[in-house]
Amino acid sequence: MRVEVYIYFPFRAELDASPIELELPRGSDVAAVVDALVERYPHIRERLVDDQGQPHRYVSALVDGVSIQFLDRFATKLSPGAVVTLLPPVGGG
């Protein structure tokens with residue numbers, strides 16, 4: 001299935017496209033998007049995943065405009081044509 005990925009990190013300029021189109025197996029989740037991005041763009045690996053290959057806790061994502069925090073986090077299943085947005089860390093006080 002095909003999904004679109006938008007990335008709003010400081011290194012967005014280092015990537016070759018926006019949005020990035022990924023072809024993933026049916027039933028894939030948001031973690032599979034991160035894995036596919038790391039595979040395609042190995043130079044961004046340390047910014048997206050930890051030493052165990054898990055998405056960093058500060059990486060936020062939306063699926064079709066809904067925060068994965070309110071869904072199943074990185075285990076959120078994707079539908080064909082889903083739009084995944086990866087967001088930079090946000091701080092404030």
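No value in this document is a laboratory result; all are computed from the given coordinates. Treat the numbers as computed from the prediction; the structure is a model and nothing was measured. When we count neighbours, we look across all protein chains shown, and the Cβ atoms used for this are built from the backbone with ideal geometry, even at glycine.
Between beta-carbons, use under 9 Å as the cut-off and find the net charge around Arg2, counting Lys and Arg +1, Asp and Glu -1.
Counting the neighbours of Arg2, the net charge comes to -3.
Pick out, from Ala32, Phe70, Val3, the residue whose Cα sits farthest towards the positive end of the charge dipole of the chain, with +1 on the Cβ of Lys and Arg and -1 on the Cβ of Asp and Glu.
Phe70
What's the Kirkwood radius of the chain in Å, using all Cα pairs?
That comes to 13.3 Å for the chain.
About its Cα centre, what dipole magnitude does the chain give when the only charges are +1 on Lys and Arg Cβ and -1 on Asp and Glu Cβ, stated in debye to the nearest 20?
180
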